[in-house]
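Trainee: I have a structure I would like to understand better, so I am pasting it below and will then ask my questions one at a time.
The values are calculated or read from the model by the stated rules, or taken from the named source; none is laboratory data. Please read these numbers as outputs of a predicted model, since none were measured by experiment. Positions of Cβ are generated from backbone atoms using ideal geometry, with glycine treated the same way; all protein chains shown enter the neighbour counts. Just so you know, the surface numbers come from the protein's heavy atoms only, side chains and all, with ligands and any DNA or RNA stripped out. Shrake-Rupley method; radii C 1.70, N 1.55, O 1.52, S 1.80 Å.
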Amino acid sequence: MDPSSKSPDDDDRLEAAAAATPPQPLEWRFAQVFGERAAGEDVQEVDIISAIEFDKSGDHLATGDRGGRVVLFERTDSRDGASRSELERQDYPIARHLEFRYKTEFQSHEPEFDYLKSLEIEEKINKIKWCQTANNALFLLSTNDKTIKYWKVQERKVKRISVMNLNTSQSPGNGTASSSSSSSSRALLPNGGCSEKLYNFPNNDLLFPPGGCTSLRLPVVTGQDLNLVPRCRRIYSHAHDYHINSISNNSDGETYISADDLRINLWNLEISNQSFNIVDVKPANMEDLTEVITCAEFHPTHCNTLAYSSSKGSIRLIDLRQSALCDNHAKLFEEHEAPGSRSFFTEIIASVSDIKFARDGRHILSRDYMTLKLWDLNMDSGPVATFQVHEYLRPKLCDLYENDSIFDKFECCLSGDGLRVATGSYSNLFRVFGCTPGSVEATTLEASRNPLRRQVANPTRPARTLTSLTRAVRRGGENPGVDANGNSYDLSTKLLHLAWHPTENSIACAAANSLYMYYA
């Protein structure tokens with residue numbers, strides 16, 4: 001066939017076939033670690049990381065811990081360091097991975113006590129969210145169970161005095177050379193002061209002899225050091241009766257939401273003494289309470305849209321333009337359970353612990369105890385993909401309930417291009433799944449210097465038959481390299497918090513007090 005005789009339809013089919021081909025699985029490598037502990041070293045409770053967040057540019061990373069501290073890291077690798085001529089001389093591109101360095105840290109929250117309710121308020125940082133930068137300053141929100149704070153971190157020039165304004169070679173009185181004994185016995189102070197009483201004056205405030213001091217001159221200021229100064233600009237408090245589980249910035253750059261178990265409040269960043277309650281699921285009689293809010297997040301581009309999840313496994317999409325109090329949702333996303341499959345643990349493991357919007361705003365990723373689910377905003381009949389995270393634990397649900405592990409809240413994240421998703425598990429493991437149609441990528445990595453040490457074989461086929469209605473995909477089920485009874489897994493080491501770089505294939509995750517970073 002003559003290539004010149006191809007029709008536009010042939011080109012369209014070739015492009016569609018290329019788009020339908022799933023990308024190759026990524027090869028993950030260790031990049032760096034902060035706060036790595038030695039073997040056998042005890043970890044202090046206050047040092048355990050409780051929140052991780054990249055900013056939108058990916059140039060800064062923030063972590064919060066149970067001790068109320070916020071630690072900031074900044075990117076140091078040069079993305080555009082090589083000149084064009086150097087790049088042209090290279091036969092192949094050099095793979096560079098992200099590198100971060102410690103920037104600064106500050107105490108965000110302190111332990112408090114609510115005297116009205118006789119309740120201790122922990123200093124633990126629940127969430128961190130970056131805000132828009134301005135004037136080379138960094139802005140971020142941090143929250144514990146009750147109080148949200150708005151921080152500004154900026155470099156300030158610190159001026160130091162190198163030469164004092166008192167000439168030590170001159171006498172204080174008449175300007176003649178002073179004796180070595182008198183000059184050495186007096187400690188000189190700034191502005192011509194002296195630590196001893198001069199001329200036996202009864203008032204030590206009078207430091208100059210009659211007639212003045214002929215050797216007085218202006219001090220010399222040199223050396224302007226740049227120091228990072230964190231400053232709390234706003235404190236948003238007394239707006240939640242229950243523990244705050246989420247904060248999320250609006251795309252308008254002016255407002256944000258905070259959510260607890262029963263309410264979602266809308267705030268303006270510049271107004272700390274007033275918020276608007278936009279969602280309230282508290283029943284008139286608390287005995288009628290059947291579900292609570294577990295997470296809430298604004299749409300990345302539509303400032304009037306937000307989603308929140310519940311302990312029953314549902315996700316509600318609401319439109320702020322409909323009414324002041326958004327009791328009615330615009331869309332409801334939930335997966336209906338199969339008949340006869342309900343058990344005592346069904347509702348517990350269905351509770352959604354985290355939701356994230358994809359960067360394009362088209363999809364929502366949710367994490368419950370056993371699975372990751374990917375939802376399409378245009379299809380509320382069911383998830384478009386379901387990924388099994390640790391299916392081997394299903395026979396152990398009774399034991400997990402007894403030791404409270406079943407209530408662990410794992411976070412999830414999406415890659416910037418929307419092609420992959422990730423979440424944590426036990427034994428400091430985390431899993432990366434490909435979410436494009438036809439992809440079978442399901443990688444298990446360990447938060448250590450050798451992330452592939454616990455690598456197991458991945459299933460080559462979806463774990464269940466697909467239905468034409470939901471076009472759902474389930475992958476990553478029973479791993480043949482995992483002990484079926486779960487004895488090889490340590491439930492005390494759990495990887496709850498992780499974040500995906502917004503533009504590159506790099507993941508930061510927290511294992512106790514250590515921050516590990518990986519790239520592909």
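Trainee: Identify all residues within the stretch 272-291 that are open to solvent by less than 40 Å² (accessible area, probe 1.4 Å) and not in a strand (DSSP E or B); write none if there are none.
Mentor: Correct list: P283 only.
Trainee: Going through S323, S311 one at a time, which residue ends up being surrounded by fewer than 14 Cβ atoms within 10 Å (Cβ to Cβ) and out of contact with any Phe, Trp or Tyr (no Cβ under 8 Å at 6 or more places or on another chain)?
Mentor: S323
Trainee: With at negative phi and touching a Phe, Trp or Tyr at 6+ places or on another chain (Cβ under 9 Å) as the only criterion, which of S427, S343, S351 stands out?
Mentor: S351
Trainee: Taking the conditions exactly as written (within 23 Å of V292 (Cα to Cα) and either out of contact with any strand residue (DSSP E or B) (no Cβ under 7 Å at 6 or more places or on another chain) or free of Cβ contacts under 8 Å to residues at least 24 places away in the same chain (or both)), does F357 satisfy them or not?
Mentor: no
Trainee: So, of the residues in the stretch 29-58 that are within 13 Å of the chain's Cα centre (by Cα) and assigned to a loop (DSSP other than H, G, I, E, B), which turns out to be surrounded by the most Cβ atoms within 10 Å (Cβ to Cβ)?
Mentor: If we take residues in the stretch 29-58 being within 13 Å of the chain's Cα centre (by Cα) and assigned to a loop (DSSP other than H, G, I, E, B), then D55 is surrounded by the most Cβ atoms within 10 Å (Cβ to Cβ).
Trainee: Scan the stretch 336-350 for residues that are polar (S, T, N, Q) and either outside any loop (DSSP other than H, G, I, E, B) or under 30 Å from the mean Cα position of the chain (by Cα) (or both) and report the count.
Mentor: 1
Trainee: Residues D80, D55, D59: which one is at pLDDT below 85 and farther than 21 Å from K494 by Cβ?
Mentor: D80
Trainee: Next up: Looking only at the stretch 105-128, which residues are open to solvent by 80 Å² or more (accessible area, probe 1.4 Å) and assigned to a loop (DSSP other than H, G, I, E, B)?
Mentor: E110, P111, Y115, L116, K117, S118, E122 - these are the residues of the stretch 105-128 that are open to solvent by 80 Å² or more (accessible area, probe 1.4 Å) and assigned to a loop (DSSP other than H, G, I, E, B).
Trainee: So which strands (runs of 3 or more DSSP E) are wholly in the stretch 414-507 and hold at least 2 residues that are out of contact with any strand residue (DSSP E or B) (no Cβ under 6 Å at 6 or more places or on another chain) and at pLDDT 95 or above?
Mentor: none
Trainee: If you don't mind, there's one more thing I want to ask. In this structure, does E337 turn out to be touching a helix residue (DSSP H, G or I) at 6+ places or on another chain (Cβ under 7 Å) and open to solvent by 60 Å² or more (accessible area, probe 1.4 Å)?
Mentor: Considered against the rule, which asks whether it is touching a helix residue (DSSP H, G or I) at 6+ places or on another chain (Cβ under 7 Å) and open to solvent by 60 Å² or more (accessible area, probe 1.4 Å), E337 comes out as yes.
Trainee: How about the stretch 246-271: which of its residues are small (G, A, S) and either open to solvent by 40 Å² or more (accessible area, probe 1.4 Å) or assigned to a loop (DSSP other than H, G, I, E, B) (or both)?
Mentor: S251, G253
Trainee: Can you tell me which residue within the stretch 129-164, out of those that are in a loop (DSSP other than H, G, I, E, B) and in contact with a Gly (Cβ under 9 Å, 6 or more places away or on another chain), is surrounded by the fewest Cβ atoms within 10 Å (Cβ to Cβ)?
Mentor: Q132
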